[in-house]
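**Student:** Take this structure first; my questions come after.
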Amino acid sequence: MQTLEMGVAEITMRLISVIETDEIFQNVMVRGEVSNFKFSGPHAYFSLKEGEYLLNCVMFNATYRHPSGIKDGTVVKASGAIKVYPKRGTYQLYTESILEGKDYGELYKRFEELKIKLKNEGIFDKPKKEIPRFPQKIAVVSSKTSAAFHDVVKTIKKRYPLAVILLFHTSVQGKEASKEIVSALDAADRSSADVILLVRGGGSIEDLWNFNEEIVVKKVYAMKTPVITGVGHEVDTTLVDYVADRRSPTPTGAAEYATPDLVELKRNIDISFSRITNEMDQKIDESFDLVERSKKRLDFLSPKRQISIERERINESFSKMIKIVDEMIKEKRSSLLRNFEAISHSKIVRTIELVPERLDSKMEMMKRTVSNDISKKYLSLEKIEMSLNVHDPLEPVRRGYAMVFKDERLVKSVHELKKSDEIKLKLSDGKILSEVVEIEENGK
């Protein structure tokens, strides 16, 4: 037989055609127990249950047309047409009228009576225990052959394979199931598990009734280990859900709530690590820029630089002085030579002949005087340099001492510090970050 290929739209339209052309589905009365009845605006949405079967229903403008006594557990007869909702690919009963049954279902009445009894006893007011975020051992109370148990194992191994799974087998349906469930819960509570999952697949109210039994509810209430329930489908609620530390709509949901997702954890860790790395890089860059600016400022204010500038200024002044003196000597020599030639034939030639010798002597004296002044200037400069070196804050550091800073301020007394203060020790070749352990004053 050849396979027929169709798109989603085509096959949906075919189903709509099949259902809506069947006269039975266009005017049908459906009997069942109301479940999950709720309003959304003027419209009502609910389900009809019979055993393990369920039919979704909608009633438009229900606030004006439905009987006021209808609530979950009511047995009703709903009339209308079965139609397909294309956007979700589901079928439902578009309800036109509802005939209310005379009595609630027997099990639902028992459910409500026990619920009221336990509520009056304060069972539902117990504070919820915290679910561990990273459990090492997870106990599962369920049937070992159930699909619910296998779904839980599959979910845990996918999300958090580090956890050890402990199975506490029990029947989940039948007359003796409630006692078995209590025994399994007791054994799980005495184990070393960090959290317990009480799970079962969906079914009718009869199938799930063991999880409404008083002995099971009170056992869950008395558990020391945190309990997560995942009984039935999302629309199902049992009394153990009221006393559990966490209720999940399905067994898979219980497994998901009990375990972290390693893939998601890794992604979050990678994001956090990347953010921290970027912040550290930024801080390092800012610190490096600060150090460079501080170094340039220190270099500009360095005593050695000031001495070097002063030395250059003195050398420049000395050079100018020597040049002026040389020019003066040359000018005087030229003047004397001219005068000497003018009187070379006079009676005082002998006297004049002695003038160059005297002039040379005067010149030597002048040179010695200038030389002495220069020497004094150099001595004065060396004294200034020695004084600057003595007051240079880095000079003691170069001899092996250290400068102590707190919050970028120089510490001058032990009274400026206290225990556990963070301090920086500046040495000639770097810095040391340290912490004050003890303070000892002189003489004490």
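Nothing in this text is a laboratory measurement; each read-out follows from the coordinates by a stated rule. Computed from a predicted structure; not experimentally measured. So basically every Cβ, Gly included, is an ideal-geometry build from the backbone, and we count neighbours across all protein chains shown.
**Student:** Can you work out ³J(HN,Hα) from phi for every residue in the stretch 272-279, in order, using Karplus 6.51 cos²θ - 1.76 cosθ + 1.60 and θ = phi - 60°, giving whole Hz and x for Gly and Pro?
**Tutor:** 5, 4, 5, 5, 5, 4, 4, 5
**Student:** Measuring from label point to label point, each 7 Å out along Cα→Cβ, what is the Val437 to Arg297 span in nm?
**Tutor:** Simple spin-label model gives 3.3 nm for this pair.
**Student:** Let me check the size of the chain from its C-alpha atoms; what are the radius of gyration and Dmax in Å?
**Tutor:** For the chain, the Cα-based Rg and Dmax read 51.0, 168 Å.
**Student:** Another question about this same structure. With each pseudo-label sitting 7 Å past Cα toward Cβ, what's the Ile384-Thr21 distance in nm, one decimal?
**Tutor:** About 11.5 nm, to one decimal.
**Student:** Next question, about the same structure. Where Lys and Arg each count +1 and Asp and Glu each count -1, what net charge lies around Lys377 among other residues with Cβ under 14 Å from its Cβ?
**Tutor:** -1
**Student:** Under a point-charge model restricted to the Cβ atoms of Lys and Arg (+1) and Asp and Glu (-1), what is the dipole moment magnitude of the chain relative to its Cα centre, in debye to the nearest 20?
**Tutor:** Computed about the Cα centre, the dipole is about 2300 debye.
**Student:** Right, something else. Just want the answer: with Cβ charges of +1 for Lys and Arg and -1 for Asp and Glu, which residue in Ile228, Ile116, Leu208 is farthest toward the dipole's positive end in the stretch 111-260?
**Tutor:** About the Cα centre, the residue reaching furthest to the positive side is Ile228.
**Student:** Just subtract the alpha-carbon distance of Lys128 and Val8 from 0.36 nm times their residue separation and send over the number in nm, one decimal.
**Tutor:** Gain on stretching Lys128 to Val8: 38.6 nm.
**Student:** Using 0.36 nm per residue of separation minus the Cα-Cα distance, give me the extension gain between Arg311 and Lys418 in nm, one decimal.
**Tutor:** Length gained, Arg311 through Lys418: 34.0 nm.
**Student:** Within the chain, which is the longest segment containing none of the GluC sites (Glu not before Pro) that sit in a DSSP loop and have at most 14 other Cβ atoms within 10 Å?
**Tutor:** It runs 235-407.
**Student:** So how much slack lies between Ser191 and Ala81, counting 0.36 nm per residue of separation and subtracting their Cα-Cα distance, in nm?
**Tutor:** Length gained, Ser191 through Ala81: 34.2 nm.
**Student:** Once you order the gyration tensor axes a ≥ b ≥ c over the Cα atoms, which shape class does the stretch 135-207 get: rounded for a/c under 1.5, otherwise prolate or oblate by comparing a/b with b/c?
**Tutor:** Since a/c reaches 1.5 but b/c is at least a/b, the shape of the stretch 135-207 is classed as oblate.
**Student:** Quick one: among Ser420, Ser387, Ser192, which has the greatest mean-square fluctuation in a GNM of the chain with alpha-carbon springs under 10 angstrom?
**Tutor:** Greatest mean-square fluctuation among the candidates belongs to Ser420.
**Student:** Pairing the Cα long axis of helix 147-159 with the longest principal axis of the chain, what angle in degrees results, from 0 to 90 and rounded to the nearest 10?
**Tutor:** 10
**Student:** Using a cut-off of 11 Å between beta-carbons, work out the net charge of the residues near Asp189 (Lys and Arg +1, Asp and Glu -1, Asp189 not included).
**Tutor:** Surrounding charge for Asp189 is +2.
**Student:** Run the numbers on the chain and let me know its relative contact order in percent, using alpha-carbon pairs under 8 Å that are six or more apart.
**Tutor:** Answer for the chain is 9 percent.
**Student:** Here is a follow-up. Which entries of Lys304/Lys406; Lys157/Lys266; Lys109/Lys224; Lys158/Lys266; Lys295/Lys424; Lys126/Lys175 have Cα-Cα distances beyond 22 Å here?
**Tutor:** With Cα atoms farther than 22 Å apart: Lys304/Lys406; Lys109/Lys224; Lys126/Lys175.
**Student:** What nm value, rounded to one decimal, do you get for the distance between Lys283 and Leu265 when each label is placed 7 Å out toward the C-beta?
**Tutor:** Taking the simple label geometry, Lys283 and Leu265 are separated by 2.6 nm.
**Student:** Follow-up question, since we're still on this one. Quick check on the stretch 239-310: take the gyration tensor over C-alpha atoms, sort the square-rooted eigenvalues as a ≥ b ≥ c, and tell me if it's rounded (a/c under 1.5), prolate or oblate.
**Tutor:** Prolate, because a/c is 1.5 or more and a/b exceeds b/c.
**Student:** Show that you can apply the helix-only estimate: for the chain, add -39,500 (n - 2.57) for every DSSP H stretch of four or more residues, divide by all residues, and state [θ] at 222 nm to the nearest 500.
**Tutor:** Using -39500 (n - 2.57) per qualifying helix, the result is -15500 deg cm²/dmol.
**Student:** Quick one: net charge of Ser171's neighbours, Cβ under 11 Å, K/R +1, D/E -1?
**Tutor:** After counting each charged neighbour, the total is +2.
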